C-alpha cells in the first residue's frame with residue numbers, strides 16, 4: 001500500500017477490547033500511528049473506526065460524531081458491570097414489577113413508555129466498570145479491586161429510539177447465577193438507538209430497569225454507525241488483505257468543510273506555522289488546507305483579523 005494515511009472501519013468481534021484491535025492492526029500493517037475513535041466494550045460488536053497515520057490527527061473532530069446501536073436490554077436482574085459479564089442480582093420477584101395487574105404477562109406499553117423517557121438530553125451516570133479516569137486511574141481498575149467508584153452524572157443526548165420489540169419465553173435471555181438450581185429465562189427488550197458521543201447504553205439498561213422497578217442490564221450491543229461510517233464499509237480483521245487494502249481517505253471525512261487550495265508561498269508559510277491572509281470569510285470555524293491536491297493542514301478562520309491560522313499541520 002502506498003499511502004497509509006486514512007481510516008479503516010473494522011467489524012469488531014465479541015470478546016476483544018478496542019485496544020486489542022489496534023494492537024493487532026499495528027502488527028499487521030507494521031505501523032505505530034494507529035488509534036480508534038470511540039471505545040466499544042469487549043462484549044459489543046460492530047463498527048470500530050480506526051485512524052491510521054496522519055489521519056490520527058483528525059480524531060478529535062470525529063470523536064464527537066453521533067453513533068447508532070442495536071441493543072438488547074435484559075429485564076428482571078441487575079449486574080455489577082451493567083452487562084452480562086458481571087455478578088447478577090436476580091430474584092424471580094423482580095420481573096413482576098412490569099407485569100400487568102393481576103396477570104402473569106408483561107405490560108408492554110409501560111415498558112415502551114419508560115424507554116421513550118430516555119429520548120432527548122438526559123443526565124447519565126457512566127457504569128463503574130468504564131474507561132473513565134478518576135484521579136488518573138481508570139474507573140474499571142478501581143471497581144475490579146472493590147474500591148468505591150463515584151462517577152459524576154453528565155448530560156448526553158439520545159436522538160431517537162426505534163424498532164422496539166420484546167422477546168419472552170424461549171426467545172428470552174438465559175441467566176444462571178449462584179444459588180439457582182436451573183437457569184431462568186428473562187424478557188429482552190430490543191431496540192435501535194441513535195445518540196451523541198459519550199452515551200453509555202449500559203447505563204440506559206441499568207436506569208431503565210431501575211425506573212421500571214424490575215432491574216436491568218445490557219444483554220448485547222452492536223454498533224451499526226459512527227458518523228458517516230457504517231457496517232456496510234466494515235471489514236473483519238481476518239479479512240484484511242495487505243495487497244488490496246483500501247483506506248477511506250481523510251478528504252472523505254472532511255466533506256462539508258470549507259476548503260482552500262494553497263499556492264507554494266502560502267504552503268511554506270503554513271508549514272512554518274505562520275498566518276495567511278485571505279479575501280472573504282469562511283463558513284464554520286475550521287478550513288481544510290490542500291497543497292497540490294493533498295490535505296496538508298487544518299486551519300482556523302480568525303474573524304478578528306480576517307486571516308487563517310494553523311490549527312494543526314498534518
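No value in this document is a laboratory result; all are computed from the given coordinates. Keep in mind that this is a model prediction, so the values were computed, not measured. Counting neighbours? That spans all protein chains shown, and the Cβs are built from the backbone with ideal geometry, glycine included.
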How many angstrom lie between the C-alpha centres of segment 272-314 and segment 199-234?
38
Quick one: if you take sqrt(5λ) for each eigenvalue of the C-alpha gyration tensor of the chain, what semi-axes come out, biggest first, whole angstrom?
44, 21, 18
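At 0.36 nm per residue, and after removing the present C-alpha to C-alpha distance, how many nm does the segment from residue 150 to residue 242 gain when stretched out fully?
28.6 nm
To check you understand DSSP bridge types, tell me what percent of the beta bridges within the chain (both residues inside) are antiparallel, rounded to 5. Show your work: numbers first, answer last.
On the way: 66 of 74 bridges.
Antiparallel: roughly 90 percent of the beta bridges in the chain.
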Could you tell me whether segment 46-112 comes out rounded, prolate or oblate from its Cα gyration tensor? Rule is a ≥ b ≥ c as square roots of the eigenvalues, rounded for a/c under 1.5, then prolate if a/b exceeds b/c, otherwise oblate.
prolate
For a bin width of 10 Å, list the pair-distance distribution of segment 67-225 built from all Cα-Cα distances, rounded to whole %.
11, 40, 35, 14, 1, 0
For the chain, the longest principal axis of the Cα atoms and the Cα long axis of helix 201-212 enclose an angle in degrees, to the nearest 10, of 30
Computed from the beta carbon distance with a Förster radius of 51 Å, FRET efficiency for residue 182 and residue 157 to the nearest 0.05 stands at 0.75
Roughly how tilted is helix 18-29, in degrees to the nearest 10 and between 0 and 90, from the longest Cα axis of the chain?
40
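Hey, what number do you get for the chain at 222 nm if only DSSP H runs of n ≥ 4 count, each worth -39500 (n - 2.57), divided across all residues, to the nearest 500?
Values: 7 runs with 55 residues, N = 314.
So the helix-based figure for the chain works out to -4500 deg cm²/dmol.
Pairs of Cα atoms under 8 Å, at least six residues apart: use those to get the relative contact order of segment 67-225, whole percent.
41
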Taking square-rooted eigenvalues a ≥ b ≥ c of the alpha carbon gyration tensor, is segment 196-314 rounded, prolate or oblate, where a/c under 1.5 means rounded and, failing that, a/b exceeding b/c means prolate?
oblate
Write down, largest first, the equivalent ellipsoid semi-axes of segment 254-313 in whole Å, where each equals the square root of 5 times an eigenvalue of the alpha-carbon gyration tensor.
16, 14, 10
In percent, what relative contact order does segment 254-313 have, based on Cα pairs under 8 Å that are 6 or more apart in sequence?
35
The chain, relative contact order in percent, only Cα pairs under 8 angstrom and at least six apart counted
22
Taking the Cα-to-Cβ direction at residue 61 and at residue 171 and moving 7 Å from each Cα, how far apart do the two end points lie in nm?
4.4
